[in-house]
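Report on the structure given below.
Readers should treat all values here as calculations from the given coordinates under stated rules, not as data from a laboratory. Predicted model, so just to flag it, every value in this text is computed and none were measured. FYI the Cβ positions are ideal-geometry reconstructions off the backbone, even for glycines, and counts take in every protein chain you see.
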Amino acid sequence: MNWEGMYTLYYKELKRFGKVALQTIMAPIVTALLYLLVFSHVLEQHVRIYDNVSYTAFLIPGLMMMSIIQNAFANSSSSLIQSKVSGNIVFVLLTPLSYFEFYLAFLLASITRGLAVGLGIFLVAMLFVSLPLHNVVWLLLFSIVSSAVLGSLGIIAGIWAEKFDHMAGFQNFIIMPLSFLSGVFYSIHSLPEFWQSVSKFNPFFYMIDGFRFGFFGVSDVNPVFSFIVVILIWLMLGWFTLAILKSGYKLRD
């Protein structure tokens with residue numbers, strides 16, 4: 001392992017999104033806060049989840065995880081598509097880094113940005129409502145592995161996309177719908193039985209439901225099962241990403 005080279009690429013990615021922190025960190029926090037203010041104001045007095053959890057408290061973990069995974073995806077995908085369009089990807093490919101080290105550096109940067117946004121939302125949300133912390137280990141595990149899943153998917157999308165329109169389509173027609181239909185704003189038990197079954201085919205549902213368990217100790221499905229699902233998805237996407245990187249698909253052409 002070329003640890004120094006991998007760390008250098010990782011540090012370069014941190015500097016990249018850190019230079020525009022107003023866009024990459026602050027903007028998602030403000031967006032999540034707006035969702036929280038609007039939905040909690042309208043539904044707080046009318047909706048109760050798990051009998052003893054207020055709607056505002058229920059909403060915060062969902063918004064946190066939705067922002068974590070969206071920003072983990074955006075970090076790796078935007079970095080690669082920008083490098084490809086501007087042509088400076090060649091300077092990264094010329095470095096003595098293996099495809100695994102390349103993958104690991106981008107993955108760690110995506111996880112870092114996702115966790116930074118999630119932590120920011122948590123700190124701001126605590127000004128409005130006090131959240132219990134049932135199991136911090138579950139929170140960390142789900143946030144890290146879920147960021148890894150979307151970071152890997154972002155690398156795949158960034159390699160596949162040839163222009164910014166492709167990336168926008170990927171995000172608007174895949175990432176955004178799966179995020180909004182994953183139980184962020186509702187419990188799937190409030191849905192008809194058919195749509196409950198459909199929701200369980202959405203991998204983002206397991207990320208959010210397991211993450212929410214870390215706060216409240218209750219969830220729609222067993223958190224161990226959710227974690228296994230998320231881990232398996234990461235392993236499959238990670239293997240596929242490494243295979244693409246090793247082949248040089250749309251990078252060496």
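Under a point-charge model restricted to the Cβ atoms of Lys and Arg (+1) and Asp and Glu (-1), what is the dipole moment magnitude of region 1-127 relative to its Cα centre, in debye to the nearest 20?
Magnitude of the dipole: close to 320 debye.
Once you have the Kirkwood Rh of the chain from its Cα pairs, apply Stokes-Einstein at 4 °C and 1.567 mPa s and quote D in µm²/s.
The Stokes-Einstein estimate is 69 µm²/s.
Name the residues whose placed amide hydrogens come within less than 5 Å of the amide hydrogen of ILE49, ignoring near sequence neighbours (fewer than 5 apart) on the same chain.
Placed amide hydrogens put TYR55 under 5 Å from ILE49.
According to the square roots a ≥ b ≥ c of the eigenvalues of the Cα gyration tensor, what is the shape class of region 50-107, taking rounded for a/c under 1.5, prolate for a/b larger than b/c otherwise, and oblate for the remainder?
Here region 50-107 falls in the prolate category.
GNM on the chain, C-alpha springs below 10 Å: top fluctuator among PHE185, PHE91, PHE142?
Maximum among the listed residues: PHE91.
For a quick check, take a GNM of the chain with Cα springs below 10 Å and name the residue from ASP209, ASP165, ASP220 with the largest mean-square fluctuation.
ASP165
Using θ = phi - 60° and the Karplus form 6.51 cos²θ - 1.76 cosθ + 1.60, what ³J(HN,Hα) does each residue of region 241-247 get, whole Hz, x for Gly and Pro?
Per-residue couplings from phi come out as 5, 5, 5, 5, 4, 5, 6 Hz.
Please arrange ARG252, ARG16, ARG113 by how many other C-beta atoms lie within 10 Å of their C-beta, fewest to most.
On the way: ARG252 8, ARG16 17, ARG113 28.
Lowest count first: ARG252, ARG16, ARG113.
Report the one residue of ALA148, VAL92, ALA168 whose Cα lies farthest in the direction of the positive end of the charge dipole of the chain (charges on C-beta: Lys and Arg +1, Asp and Glu -1; origin at the Cα centre).
Farthest towards the positive end: VAL92.
If r is the Cβ-Cβ distance from LEU93 to ASP165 and R0 is 25 Å, what FRET efficiency results, to the nearest 0.05?
Plugging the Cβ-Cβ distance into 1/(1 + (r/R0)^6) gives 0.55.
Tell me what the chain gives for mean residue ellipticity at 222 nm when only DSSP H runs of n ≥ 4 count, each as -39,500 (n - 2.57), the sum divided by the residue total, rounded to 500 deg cm²/dmol.
One gets -23500 deg cm²/dmol as the mean residue ellipticity at 222 nm.
Where nothing but the Cβ of Lys and Arg (+1) and of Asp and Glu (-1) is charged, how large is the charge dipole of the chain around its Cα centre, in debye to the nearest 20?
Around 560 debye, computed over the chain.
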